[in-house]
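Worksheet: one structure, shown below.
The values are calculated or read from the model by the stated rules, or taken from the named source; none is laboratory data. Please read these numbers as outputs of a predicted model, since none were measured by experiment. Here the Cβ positions follow ideal geometry from the backbone for every residue, glycine too, while neighbour counts run over all protein chains shown.
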Amino acid sequence: MSRILILDAPSVLGLKPTGVEKLPEALKAAGLLEALNAQYLGRIQPLFSYSSERDSATKLLNGKAIRAFSLQLAESLKEVVGKRNRFIIVLGGDCSIIIGTLLALRRLGRYGLFFIDGHADFYQPEASVSGEVADMDLAIVSGRGPEILTNIDGLKPFVRDEDIVVFGYRDAEQAASYGSQDVIDTNMDVYDLSRVKELGITNASSLAIRKLLENEIDGFWIHLDADVLHDSIMPAVDYRLAEGLSFSELSDLLRILYSSGHAVGMSITIFNPNLDSDGSIARKFVSSIIKGLL
């Protein structure tokens, strides 16, 4: 029986249907399943279609639809997530899929989150220009935002601040200019890109994981947004930022997290195959992930 399981969850309800919904097929075409000898669990498709109409009360796009999809995803994961001998990879879609994965884990106990992303995703709805939940998924899973998403099943927060590592983000100045709340003003363990580069990827990730595992958690989830990678090697994302991590740094980071023995799964989001005409970016991305997990 394979230790690694893969589930497709290509929701773009938290972003927009620009091509991110094709992420699972692109990464599988680049050899992800075969290289990891993974068991394929199938595909979870949203019940509701994308709407561009922003809710006047919550200021969210697709809030009700994202809640429904989060419940679908959590239900689909209940038999496999959190098992010590299993590691599940959920292929998005956009970053809002972590609401469902962390809801599934919250139902089981106390789990942490290692959040690897070029953006902090910590907007409150009123500060988000777009209303896209992919702007605010970290805020939501930590209990900040409209109850329709933060308090599903009365389990708010899905993950505690002190059980969260925010790693590699580089949009602090941009977010502040829009009036976003700041992850620095929380009890999360925060490593922006400049701090990661200063410490070095091995030291930064080792320090972060050591501190996270000092807490009484049952395990932790890895969230990987493709835009954490350097813009020169990962232009296939909808909201580009200068700089970022290299493919080798990503491999080293994943190797340290996976080898800890406490990671129970990982979501991979935001990669847009429509911006990768020959599939070469997908192949390099997949290669870096494989090197981190094998």
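Counting just the residues of the range 29-68 that are part of a helix (DSSP H, G or I) and free of Cβ contacts under 8 Å to residues at least 60 places away in the same chain, which one comes out surrounded by the fewest Cβ atoms within 10 Å (Cβ to Cβ)? The selected residue is E34. Here N37 passes the criteria (1) over 18 Å from the mean Cα position of the chain (by Cα); (2) over 21 Å from S288 (Cβ atoms) except the one numbered (2). For the range 123-144, filtered to residues that are assigned to a helix (DSSP H, G or I) and hydrophobic (A, V, I, L, M, F, W, C), the residue that is surrounded by the fewest Cβ atoms within 10 Å (Cβ to Cβ) is A127. State yes or no: is E25 within 28 Å of G168 (Cα to Cα), acidic (D, E), surrounded by 17 or more Cβ atoms within 10 Å (Cβ to Cβ) and within 20 Å of the chain's Cα centre (by Cα)? The answer is no for E25. Taking the listed residues R255, R240, the one that is within 23 Å of S287 (Cβ to Cβ), surrounded by fewer than 18 Cβ atoms within 10 Å (Cβ to Cβ) and either touching a residue at least 24 places away in the same chain (Cβ under 8 Å) or in contact with a Gly (Cβ under 7 Å, 6 or more places away or on another chain) (or both) is R255, with no other qualifying.
Checking each residue in the range 145-186 for being charged (D, E, K, R) and either surrounded by fewer than 19 Cβ atoms within 10 Å (Cβ to Cβ) or farther than 27 Å from A74 by Cα (or both) picks out E147, D153, K156, R160, D161, E162, R170, D171, E173, D182, D185.
Yes or no: A204 surrounded by 13 or more Cβ atoms within 10 Å (Cβ to Cβ), under 29 Å from L23 (Cα atoms) and modelled with pLDDT of 95 or more? Answer is yes for this residue. Within the range 165-204, the residues that satisfy the criterion of being in a strand (DSSP E or B), in contact (Cβ under 8 Å) with a residue 40 or more places away in the chain and not hydrophobic (A, V, I, L, M, F, W, C) are G168, Y169.
Considering only residues in the range 92-102 that are within 22 Å of D189 (Cβ to Cβ) and not β-branched (V, I, T), the one that is surrounded by the most Cβ atoms within 10 Å (Cβ to Cβ) turns out to be C95. Scanning the range 229-237 finds no residues that are modelled with pLDDT of 95 or more, assigned to a helix (DSSP H, G or I) and either small (G, A, S) or on the phi > 0 side of the Ramachandran plot (or both). Taken together, the residues in the range 187-201 that are surrounded by fewer than 12 Cβ atoms within 10 Å (Cβ to Cβ) and hydroxyl-bearing (S, T, Y) amount to 1. Only residues that are among the hydroxyl-bearing types (S, T, Y) and either surrounded by fewer than 24 Cβ atoms within 10 Å (Cβ to Cβ) or without any contact (Cβ under 8 Å) to a residue 24 or more places away in the chain (or both) were counted across the range 105-122, and they come to 0. Filtering the range 264-294 to residues that are within 18 Å of N37 (Cα to Cα) and either assigned to a strand (DSSP E or B) or in contact with a His (Cβ under 9 Å, 6 or more places away or on another chain) (or both) leaves V264, G265, M266, S267, I268. Candidates are the residues of the range 258-294 that are farther than 29 Å from R210 by Cα and of a type in the set (S, T, Y); the one that is surrounded by the most Cβ atoms within 10 Å (Cβ to Cβ) is S280.
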